[in-house]
Structure formats: structure tokens, C-alpha cells
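Colleague: I'd like to ask you about the structure that follows.
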Amino acid sequence: MDLLWGVALVLGVMILVHELGHFIAARLFGVRVDVFSIGFGPRLFGWKRGATDYRVSALPLGGYVRMAGQDPSEIDSAHSTAIPGTEKNNAAYPESKGAPDELMNKPRWQRAIISFAGPFVNLIFPVLLLTVYFVTIGIPYPEYQDKPVQVTQVPASSPAATAGLRAGDKVTALDGEQNPTWEQAEKVLTKLTPDSKLSMEVEDAGAKKSVTLPVEQKDLEQPERLLGFAPIRPILEDVAPGYPAQRAGLKEDDVVTAVDGKKIQWWGEFTERVRGSNGKPVALDVERKGQQLHLVVTPQAATNERGETIYQIGVQVHEDTAYKRVAFPEGAKYASQVTIEKIRETASIVGRLFSGRVSLKQLQGPVGITRAAGQAAKKGPLALISLMVLISVNLGILNLLPIPILDGGHILLLGIEGILRRDMSMAFKERFVQVGLVFLLVVFAIVMYNDVVRLLPIHS
């Protein structure tokens, strides 16, 4: 039930929002919309207002709008985005002329805006969604950030270790910030630059000392090298299908107690060992529901944003969450910042995908999204909203790619026609669509295959 509810809510709402963008833009430019449907399939009920049939259909997985004149062949192929790439939006393609309120009788720039409106709404919807959540519930943040900074463990060969920081040391001042919490300390670290210095006052068993640490680029990327590991316990919240952790037998809620025979207490200690494994097997002692288990996991290589090789096993950590109540302006500002960051991350991944630095094997398809939606529904509102934000941003960016059959492809073709000041031939447009359709079907098949393979118990 959680699975069905999660899929219907996450995919359904995101696709419906996309179609609502096309609908609003079409009506603003006077295009007649024959059907606005919530869901697909047979009509269950609805009402007619003006020329538009507002209906609720049997399958609640999104929706579609059908604009007058969008399909010159008069085939009932509604402009839908149930699966990106399977839609047939003919905003750029019809050549026949009809009534003044039909899509093809509108200027190209208006048709381009109608195509752009769907992805655009997908990109701004997270701001609205997150603003409501932040104002009504609060801005989520890790609970440990409210605690004063006390050194847990420090990585070997780090500036903190070289300066003699030890577990239990209390940081009483950090670059002038007195008795900093972890949140305040993280803000101080964000202001540092390579080749700068970090000064601190440390208290150890009543004895105070001053410490100055040199700062390098890798220290900014790994803050634990300056202050030690954050006080986050190594409890697994999610184990991704198809990754080494799942193949090794790790499960959600497992507590990692030792790595290669050495006891650990903190998540940072665990990730440090995985990063430094160089792909060699790592022995883990795990506590699961009171039982002690011994497992072996072999990290796999991946590439980060800078093209560097990193090692990962496909797990996420559990963090206790606290909430900060905020007024509307602060909630809207933070929601905008989160959305912009998600857009940047997604655009970066798409860029690395086309440059070959990210493999199609790393992408999630319908099966993976369905699994994630079901899990998010079980975990609660924050996980569900976070997934909705991610999918909405992905729909917005992917639909803007200049690939035939996607909204970006429609805009590209309209731009070409605008520059040439004439319509392209119907034969050219049909080939244009066919190329895009074949390309997306191949990508879809590869992603679906990888989705299914990840679910198999063992695979290479």
C-alpha cells in the first residue's frame, strides 16, 4: 500500500504539475484546451467549463492536456508525460490551419512558451512545496548541530592529528567564535580558503591550549581533517539495490561497529575506510537487532564531479533530525536556495552523462523510482517531499534537453523555423520525431534493464 501511495503521489503530482504549466500557458495565449485530465485511461467523472472537459480518469499516475490543433492527423494522442520521451506534443509540428484558437494558428514564440511552460513549472514548483513545508513544519537540520564542538576522533595524517587534537577535547573558540556549536563551526569553515589558517582554543581535562591549523583544499572538502569526525553514528538508513553493500548483505538499520577489525563509533570513520580501500575488500562487524554479524564488502570505483576516482558501496547514513521554525520570507529564501542547488546538481549530472563521466548504469528508471517512492512514503513527509523535489527538478531539466519529442526539441525546431522564417516539411518533422523517439526508447530500455538487474540477488 505504501508503494502504491508513494508512486501515485510522487509521479502523479509531478507529472500533473508539468501538464498544468502547459495548460496555463495555452490558455493565456488563447489556445483552446479540449481536455484537462487528472490521470489516464477511461474517464470516471468530471465537468465541462467552456470548451474544456475537466476530468478524472481511471489511472492516477499524472495527467495530460489535449490542445486543439496539436495533432493534424486527429489521432487521439494526448500530450502526456507519463514516461518522459513517450509523449507526442505536436506544438512544433502541425502544418494544417484551423480555427483561430487552435495551437498551430499561434505565433511560433507563443508555441515555444507553451512548450517551455511545463518544464518551467517543474523547476519552480519545489520552491512552493518547500516553502510551505519550511513555514508549517520547519527547516530540517541534523540534530547534532545544536551540540557544542567536542572532538570525537581525528583522521590520521590530518592537520588536526598533527596539532595533537584528541578525542574528548572541547573547542572553546574557533576563529573568534566563542563556545561554537557544530552549526556555527561549519559556518566558520565555509569562510576558509586554501592556504589560510584556522585558529582555535581547546580545553583538555581543564588545561587550555591555542592551536593554529594550516588549511589546504582537501581540508575544505573533508572538514573532519580540521575538527575531527562529526558526531554521527554509523547507522545505515538506506542500502541501494545493485551496489556492493546490498551484495554483501548489509541492510537498513544495521550499525557498523568495526572496520577491518578496528572499532569505530562515527560515520566519518566508516566512510574514511571505504574511501581509502582502493577497491580492496573491507571486513565489517555489524550489529543487527542485537546480533553480531561479520560481512565483507568490496567498494566499487566511481567518478566525482572533478573526474577523480572515488570508492563507494551504496549506503546512506541515518541522522536524527531537528526542525527550525521560520517565518515566510526566510522559508521562501531557503526553499529557493535548496531548489537552485538541486538544479545545479542535476544539470551537472546531465552534463557529465553526455560527456561520458557518468554511466547510464547509475541512473534510476521507473523501477528504481517506484522503489524510492515506496520507501519515502514509509519514512514520512520529509523523505517524500525531498523525493518530489528531486523528481520535479529532473523532469524540468530533462524535458528541456534539445532532443526531438521532448519540450526542448520542440523549442529547438521552432527556433530553427523562426530563423529560416518558414515551416520545415512534414517529412522532415516526422524524421525529427522518429530520431528522438528511437534515442529515448534505447535509453529507456538500458535504464530499465539496469533497474531490473539491480534487484537481482547477485550479479557482476
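Colleague: Quick one: count up the residues across region 274-300 that are more than 30 Å from Arg352 (Cα to Cα) and among the hydrophobic types (A, V, I, L, M, F, W, C).
Modeller: Number satisfying all stated conditions: 6.
Colleague: Would you mention how many residues in region 156-175 are farther than 19 Å from Asp195 by Cβ and acidic (Asp, Glu)?
Modeller: 1
Colleague: Taking into account only those residues within region 250-266 that are within 18 Å of Asp238 (Cα to Cα) and in contact with a Phe, Trp or Tyr (Cβ under 7 Å, 6 or more places away or on another chain), which is most open to solvent (accessible area, probe 1.4 Å)?
Modeller: Trp266
Colleague: For region 376-429, how many residues meet the condition of being open to solvent by 40 Å² or more (accessible area, probe 1.4 Å) and under 21 Å from Ile15 (Cα atoms)?
Modeller: 9
Colleague: What do you reckon, is Arg275 of a type in the set (Lys, Arg) and either open to solvent by less than 70 Å² (accessible area, probe 1.4 Å) or within 20 Å of Val151 (Cβ to Cβ) (or both)?
Modeller: So Arg275 fails the test.
Colleague: Need the failing condition index for Ala327 against (1) at pLDDT 90 or above; (2) closer than 28 Å to Val452 by Cα; (3) not polar (S, T, N, Q), just the number.
Modeller: Among (1) at pLDDT 90 or above; (2) closer than 28 Å to Val452 by Cα; (3) not polar (S, T, N, Q), Ala327 violates only (2).
Colleague: Something else about it: If the requirement is being among the hydrophobic types (A, V, I, L, M, F, W, C) and farther than 30 Å from Ile137 by Cα, which of these qualifies: Ile385, Ile416, Ile391? Reasoning before the result, please.
Modeller: Details: Ile385 fails: farther than 30 Å from Ile137 by Cα; Ile391 fails: farther than 30 Å from Ile137 by Cα.
Every option except Ile416 fails the conditions.
Colleague: Let me ask something else. Tell me, which residue of region 139-157 that is open to solvent by less than 10 Å² (accessible area, probe 1.4 Å) and in contact with a strand residue (DSSP E or B) (Cβ under 9 Å, 6 or more places away or on another chain) is farthest from Ala383 (Cα to Cα)?
Modeller: My answer is Val151.
Colleague: Counting only residues that are farther than 27 Å from Arg352 by Cβ and of a type in the set (Val, Ile, Thr), which one in region 301-334 is most open to solvent (accessible area, probe 1.4 Å)?
Modeller: Top of the filtered list is Thr321.
Colleague: Additional query: Can you name the residue in region 109-138 that is touching a His at 6+ places or on another chain (Cβ under 9 Å) and open to solvent by less than 30 Å² (accessible area, probe 1.4 Å) and is also nearest to Ile391 (Cα to Cα) among such residues?
Modeller: Asn122
Colleague: Quick one: which of Ile403, Ile391 is under 19 Å from Glu345 (Cα atoms) and of a type in the set (A, V, I, L, M)?
Modeller: Exactly one residue qualifies, and that residue is Ile391.
Colleague: What residue, of Gly69, Gly62, Gly46, Gly21, is touching an Asp or Glu at 6+ places or on another chain (Cβ under 9 Å), modelled with pLDDT of 90 or more and either assigned to a helix (DSSP H, G or I) or open to solvent by less than 50 Å² (accessible area, probe 1.4 Å) (or both)?
Modeller: None of the other options fit; the residue is Gly46.
Colleague: Output the number of residues of region 217-248 satisfying the condition of being touching a residue at least 12 places away in the same chain (Cβ under 8 Å) and surrounded by fewer than 13 Cβ atoms within 10 Å (Cβ to Cβ).
Modeller: Total meeting the criteria: 1.
Colleague: Can you name the residue in region 170-207 that is of a type in the set (Lys, Arg) and farther than 19 Å from Gln153 by Cα and, of all such residues, is surrounded by the most Cβ atoms within 10 Å (Cβ to Cβ)?
Modeller: Lys187
The values are calculated or read from the model by the stated rules, or taken from the named source; none is laboratory data. Note that the coordinates shown come from a computational prediction; the quantities given were computed from them, not determined experimentally. Cβ atoms come from the backbone with ideal geometry, glycine included; neighbour counts cover every protein chain shown. In case anyone asks, the SASA skips ligands and DNA or RNA and just uses the protein heavy atoms, side chains included. Shrake-Rupley method; radii C 1.70, N 1.55, O 1.52, S 1.80 Å.
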